[in-house]
Amino acid sequence: MAKLTVCGGGNAAHVLVALAASAGWEVDVFAPLADEAQRLQAGVAARGGIVARTRNSQVMGTPRRISAEPGDVIPGSQLILMALPAFAHGQTLAAIADHLDRSAAIGAMPARSGFDFQVHSLFKGSQSLTFFGMQTLPWACRIKHYGQEVDILGSKAAVDIASVPADQIETVIDQLAFIPDVEFTPTGSLLTMTLANTGQLIHPGIMYGLCQGRERDTFPSEQIPLFYQGVDDFTASVLQAMSDEVQSVADAVAASVPVVNRSEVPSLFEWLLRAYPLTISDSSTLGRAFVTNTSYAGLRVPTRLADGSAETFTVDFRARYLSEDVPFGLVVLRGIAELAGVITPMIDRVILWAQEQLGRSYLENGRLTGKDLAETRAPQAYGITRIEQLV
Ligand code: NAD
C-alpha cells in the first residue's frame, strides 16, 4: 500500500486524513505542535477514524500512526503533505529532512509565496526529491470535533499547482487523485505562483484600507467592520494600485526569467471575476465586485477581545491576514520587485504599516534590510541578489 504522511493537526489535516485513508492510502500523521498528537490519537480512538462531511456526503478514514516524532512517521512516505500555515513550513521541513526517502514528494497546501526559495536553501543538492505547492487549499473546512469530525464547507473547482522539478507535476497530480472534484491545474513554476498569489494583496491591502487610523478602535461584536463587504473607494484604490504594481513586476521578471509565464499572472480584478463567476452581482468595478460577492458575505475584520474587556473587540493584527500574508507574501513580492528594479510605492506603504502593527522590521529606508527580514521568504533572506538567481 502506498504511504502518505500528513504534517499538521488542523482543519486541512483532518480532511486529508479522511480522504486519503478512505481512498486506500496508508496514512500517518506528523503533529509536533503542543499536545496535538495525543489529542488526535484520543479522538481517532474514540470515533474509529476521522469523518469528513460535505453537505451531501461523508467519508471516514483511519490513520495508522500519529506521532510528534518525525522518525516514527516520515520514513517510507512517498507523499508528504504539509497542511500548515506558511510560518510552520521551515521548522517542519527541517524536522523531517533527515527522515525522507530519496524519491519522496513534499507538498505545501497552500504554498504561499517564496516556498521555492526556502526549499532550495534547505535542500540544495537533494536532486531526487520533488517539492510542490498549491496556490490555495482546495477546501474551506472547519474541525467539528478534534480528531473525529471535520466539515468541508466548500470545495474549489480548480487549484493551481507547481513543482520543482517542474517535470514531476503530472506524477504529483496523479498522486493527488484521492482529492475528489478538484482539478489541479499545472502552473509554469512556483515563482509564477508567487507573483500570482492574490491573497498577499487582498488580505494586507484590505486590512490597511479599513484599519489604518483605526488601530486602537474598539467595537461591540455586532459593529465589527465587514471585511470584503467593507471595501470602500479608498480600499479599492489601494488594491488596484497594488495589483498594477504586481503587473509591472511580472512584466519585468518574465522578460528576464523564462520560467515565468506572464499570462498566468492576471490582474486582481481579472482573477476575482474568474474565481467567482457566479457569486458577484455587480462587476462594474473592483470595489463593487468585492462588496457584492456573496461568497464573501458576512466575513468580518479579524478581532480579539479588547484589553481588560469581556465584550468589546479590537482589531487582531496577529491574525494570518498579516502574520502569514506579509512575511510569506507581500514581502516576498517586494523582494522580487527590488531584484527586478521595479518601484512599488503602494505595496511599500502597506508593508510599512503592517510591519508596525506586527512589531517587526522588514523594509527600512526603501530597502529590504530590516532586522527581521530573515524570518520572511524574501529572496534577499536567502542571499539572492540578482534576478537570474530566482530560478
Ligand atoms: P489550522 O489553524 O486549523 O491548523 C494549522 C496547523 O498547523 C495546526 O493545527 C498545527 O498542527 C500546525 N501548526 C501551526 N503552527 C505551527 C507551528 N508553529 N509549528 C508546527 N506546526 C504548526 O489551519 P488550517 O485551517 O488547516 O489551514 C492550513 C493552511 O491553509 C493555512 O495556511 C490557512 O491559512 C490555509 N487555508 C485554510 C482554509 C480553511 O478553510 N481552513 C481555507 C483557505 C486557506
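Quick check: is even one residue across segment 33-43 within 23 Å of D174 (Cα to Cα) and of a type in the set (D, E, K, R)?
No, the conditions are met nowhere in segment 33-43.
Having 2 or more residues that are within 20 Å of A108 (Cβ to Cβ) is the bar; report the helices (runs of 4 or more DSSP H) wholly within segment 304-391 that clear it.
320-323, 331-340
Looking at V246, V238, which is the one that is more than 21 Å from the chain's Cα centre (by Cα), in a helix (DSSP H, G or I) and buried (at least 16 other Cβ atoms within 10 Å of the Cβ)?
From the options V246, V238, the qualifying one is V238.
Against the conditions (1) surrounded by fewer than 16 Cβ atoms within 10 Å (Cβ to Cβ); (2) at positive phi, where does G71 fall short? Just the number, please.
Among (1) surrounded by fewer than 16 Cβ atoms within 10 Å (Cβ to Cβ); (2) at positive phi, G71 violates only (2).
Looking at segment 232-246, can you tell me whether even one residue there is within 25 Å of A378 (Cα to Cα) and among the small types (G, A, S)?
For segment 232-246, residues within 25 Å of A378 (Cα to Cα) and among the small types (G, A, S): present.
Could you check how many residues of segment 56-85 are within 16 Å of the ligand (Cβ to nearest atom) and either touching a Pro at 6+ places or on another chain (Cβ under 8 Å) or in a loop (DSSP other than H, G, I, E, B) (or both)?
Qualifying residue count for the region: 8.
Looking at Q118 and the list (1) within 14 Å of V29 (Cβ to Cβ); (2) in contact with a Lys or Arg (Cβ under 7 Å, 6 or more places away or on another chain), which single condition is not satisfied?
It fails just one condition, (1).
Against the definition (buried (at least 18 other Cβ atoms within 10 Å of the Cβ) and under 24 Å from the mean Cα position of the chain (by Cα)), how does L79 come out, yes or no?
Criteria met by L79.
Kindly list the number of the only condition in (1) in contact (Cβ under 8 Å) with a residue 60 or more places away in the chain; (2) buried (at least 17 other Cβ atoms within 10 Å of the Cβ); (3) part of a strand (DSSP E or B) that fails for Q175.
Checking Q175 against (1) in contact (Cβ under 8 Å) with a residue 60 or more places away in the chain; (2) buried (at least 17 other Cβ atoms within 10 Å of the Cβ); (3) part of a strand (DSSP E or B), the one that fails is (3).
Pick from segment 30-55 the residues that are under 15 Å from V73 (Cα atoms) and small (G, A, S): which of them is farthest from the ligand (Cβ to nearest atom)?
The residue in question is A37.
Out of all the residues in segment 1-29, which are within 9 Å of the ligand (Cβ to nearest atom) and either at positive phi or not aliphatic (A, V, I, L, M) (or both)?
If the condition is that a residue be within 9 Å of the ligand (Cβ to nearest atom) and either at positive phi or not aliphatic (A, V, I, L, M) (or both), then C7, G8, G9, G10, N11, H14 are the ones that fit.
Whether any residue in segment 297-315 is under 23 Å from A381 (Cα atoms) and either among the basic types (K, R) or touching a Gly at 6+ places or on another chain (Cβ under 6 Å) (or both) is what I want to check.
No: segment 297-315 contains no residue that is under 23 Å from A381 (Cα atoms) and either among the basic types (K, R) or touching a Gly at 6+ places or on another chain (Cβ under 6 Å) (or both).
Read the figures in this text as sums done on the coordinates, not as results from a lab. None of the values given here were measured: they were computed from a predicted structure. Don't worry about glycine lacking a Cβ; one is built from the backbone with ideal geometry, like all the others, and counts go over all protein chains shown.
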